[in-house]
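Asks: Can you read through this structure? Questions will come right after.
Read-outs throughout are calculated quantities, based only on the coordinates presented, and are distinct from any laboratory measurement. What you see is a predicted model, and the numbers here were worked out from it, not measured in a lab.
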Amino acid sequence: FHIIAIDSQHPSDYGEIAIQVNASNAPVPTTTTLSAWTTHAVQGESDSMTATVQSGGGSPTGTITFYDGSTALSPPIAINGGGTATYSVSNLTLGSHMISAHYSGDANYAASVSFSVTISVTADDPIL
């Protein structure tokens, strides 16, 4: 994209200015990964999970929300300078839970969702 400037006093004197325009304001793609302390938990015991957001460069900001299926387990948690957020949960019911981490994105980085991690919750074994 070029702009030509002409001096009205001296029409034969003109200059050309080149301007580079970024035609795409698309956010940088991100990848969110999720790891859980354990995938086999005893009901009532705490299980910690950590989500990490990575991009092609720079440091994304924003939040991670942890989900059990389509139900939010956590409030939005700000990611730290290393791109991670950690959450502990102890109120999962008996059975299998498909846990995922949803990165909100920010002005420069695109939102992303992790693959699900299955956590199986069992009842505490009685001591005989």
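Asks: Each residue of segment 110-124 in order: what ³J(HN,Hα) in whole Hz does its phi give by Karplus 6.51 cos²θ - 1.76 cosθ + 1.60, θ = phi - 60°, with x for Gly and Pro?
Replies: So the Karplus estimates, Gly and Pro as x, are 6, 5, 8, 10, 6, 5, 7, 10, 8, 10, 9, 10, 10, 6, 5 Hz.
Asks: Now for a separate question. Quick one: check the C-alpha center-to-center distance for segment 109-125 versus segment 31-105, whole angstrom.
Replies: Answer, in whole Å: 7.
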